[in-house]
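The values are calculated or read from the model by the stated rules, or taken from the named source; none is laboratory data. Being a predicted model, the structure only gives us computed values, none of them experimental. Note: ideal-geometry Cβ built from the backbone for every residue, glycine included; neighbour counts use all protein chains shown. Areas reflect the complete protein model, heavy atoms only, side chains present, ligands, DNA and RNA absent. Shrake-Rupley method; radii C 1.70, N 1.55, O 1.52, S 1.80 Å.
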Amino acid sequence: MTDRLTSAFRELYGAAPDGVWSAPGRVNLIGEYTDFNDGSVLPLALPHTTLAAVSRREDGVLRLHSGDVEGSVAELRVEELAPGSGGGWAAYPAGVVWALRDAGHPVTGADIHIASTVPTGAGLSSSAALEVVTALACDDLFGLGLRPWQLARLSQRAENVFVGVPCGVMDQTASACCTEGHALHLDTRDLSQRQVPFDLVGQGLRLLVVDTRVKHELGDGAYATRRAGCEEAARALGVQALRDVVPERLDEALAELDDVTLRRYVRHVVTENARVEEVVALLDPGAPASPGKAPGRSDIRGIGPVLTVGHASLRDDFEVSCAELDLVVESGLAAGAVGARMTGGGFGGSAIVLVEEADTESVAKSVTEAFAAAGHRAPRIFPALPSAGAKRLA
Ligand code: ADP
Ligand code: MG
């Protein structure tokens with residue numbers, strides 16, 4: 001893969017690249033729609049990565065090419081980069097260069113060639129992988145000395161301000177900071193993070209990612225409505241964010257709200273945030289969350305029902321699921337899965353299904369058959385082990 005990338009770079013730009021970097025896509029294990037409520041999330045990096053072959057330039061020119069989209073090399077001038085100055089895929093890497101320069105880092109130009117195995121638009125964060133790989137390459141080539149979480153923040157800023165997508169910081173942090181064999185427990189309020197062991201193989205389990213290959217249009221508007229609804233509910237309850245409503249106070253909080261929709265949003269966010277803590281406690285018993293407790297055995301099987309309850313909450317209370325995602329969960333569970341839920345923003349995209357290793361094939365087959373029987377396009381299904389975050393490859 002690296003060799004092919006390097007020779008493509010050489011053909012495009014006439015010389016070998018200074019280096020090759022990679023950054024992964026991600027799935028979120030639990031903690032959906034908690035990030036804009038200052039809550040916690042628990043993503044893991046996928047084995048699918050976006051690679052960038054990059055050479056440094058001193059002349060203010062930024063050249064961008066992706067082997068995954070039609071089109072020739074885009075040539076931009078770094079000092080002309082500004083939010084809204086360019087659309088299309090190139091806005092993601094260009095936005096990162098803009099964000100770095102805007103933060104005062106001396107990035108004087110680059111030649112970049114991209115190739116990725118992260119499915120795009122499937123809710124697996126190909127956009128974050130593209131941003132983070134660009135940020136890491138620039139960090140290395142210009143000796144910026146930035147920490148992975150700083151690269152994530154700058155990448156998020158690129159997507160929010162330059163590309164114009166109001167995403168939280170989870171995707172970029174997962175791509176930059178995840179480590180092999182772990183999920184990343186990220187507190188989106190104080191940005192503290194902890195690696196939580198997630199040894200699927202050691203416990204005889206597999207995590208199937210099911211890309212439904214649909215993307216229903218209501219997605220963008222629904223995100224805005226829910227975000228506004230959560231902020232309105234927090235104001236009505238007199239808290240900074242819904243993460244400040246502790247589960248023990250949930251009933252009390254619900255009784256204070258007249259609007260039935262807001263009540264459902266609050267119930268999802270508060271219970272979902274609690275589910276993140278519950279899953280972390282199962283995966284890493286005896287860790288700081290439960291001081292004094294003797295370290296026990298990580299129980300991945302035990303998280304299955306928590307994932308499934310989380311799906312019901314997203315479907316019924318937050319109303320961001322869709323027929324295809326519900327069908328993955330139903331058919332997966334009917335075929336013996338340990339737990340299943342939609343992951344990411346919903347309205348299509350992907351779901352995760354936790355299965356016994358021995359059931360991997362049969363569950364995947366059952367989900368595929370259920371899709372065929374319902375007249376849906378065949379889903380794309382692959383097992384995912386928790387993989388490494390962004391790194392230099394060559
Ligand atoms: P997701 O992040 O869930 O995959 P997004 O809509 O946020 O979906 O980002 C997808 C967009 O990111 C693509 O439409 C494209 O503009 C850009 N992108 C991602 N990966 C690549 C790639 N390998 N080459 C070119 N553009 C890419
Ligand atoms: Mg994205």
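Identify all residues within region 1-39 that are assigned to a strand (DSSP E or B) and more than 13 Å from the chain's Cα centre (by Cα); write none if there are none.
Listed by number, the residues that qualify are G19, V20, W21, S22.
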**OP:** From R380, R315, R341, grab the single residue that is under 24 Å from the mean Cα position of the chain (by Cα), away from ligand 1 (no atom under 16 Å from the Cβ), open to solvent by 40 Å² or more (accessible area, probe 1.4 Å) and modelled with pLDDT of 95 or more.
**Re:** R315
**OP:** Please find, within region 103-136, the residue that is most open to solvent (accessible area, probe 1.4 Å) out of those that are away from ligand 1 (no atom under 11 Å from the Cβ), more than 18 Å from K391 (Cβ to Cβ) and touching a residue at least 24 places away in the same chain (Cβ under 8 Å).
**Re:** P106
**OP:** For V97, state whether it is out of contact with any Gly (no Cβ under 9 Å at 6 or more places or on another chain) and either on the phi < 0 side of the Ramachandran plot or at pLDDT 95 or above (or both).
**Re:** no
**OP:** Determine, yes or no, whether P197 is open to solvent by 20 Å² or more (accessible area, probe 1.4 Å), within 12 Å of ligand 2 (Cβ to nearest atom) and on the phi < 0 side of the Ramachandran plot.
**Re:** no
**OP:** Output the residues belonging to region 154-190 that are in a helix (DSSP H, G or I), in contact with a helix residue (DSSP H, G or I) (Cβ under 6 Å, 6 or more places away or on another chain) and within 16 Å of T34 (Cα to Cα).
**Re:** M170, D171, Q172, T173
Subject >> Among (1) assigned to a helix (DSSP H, G or I); (2) under 21 Å from T120 (Cβ atoms), the one test that H376 misses >> reply: (1)
**OP:** May I ask you to list the residues in region 149-194 that are within 15 Å of ligand 1 (Cβ to nearest atom), open to solvent by less than 20 Å² (accessible area, probe 1.4 Å) and over 14 Å from the mean Cα position of the chain (by Cα)?
**Re:** A158, F162
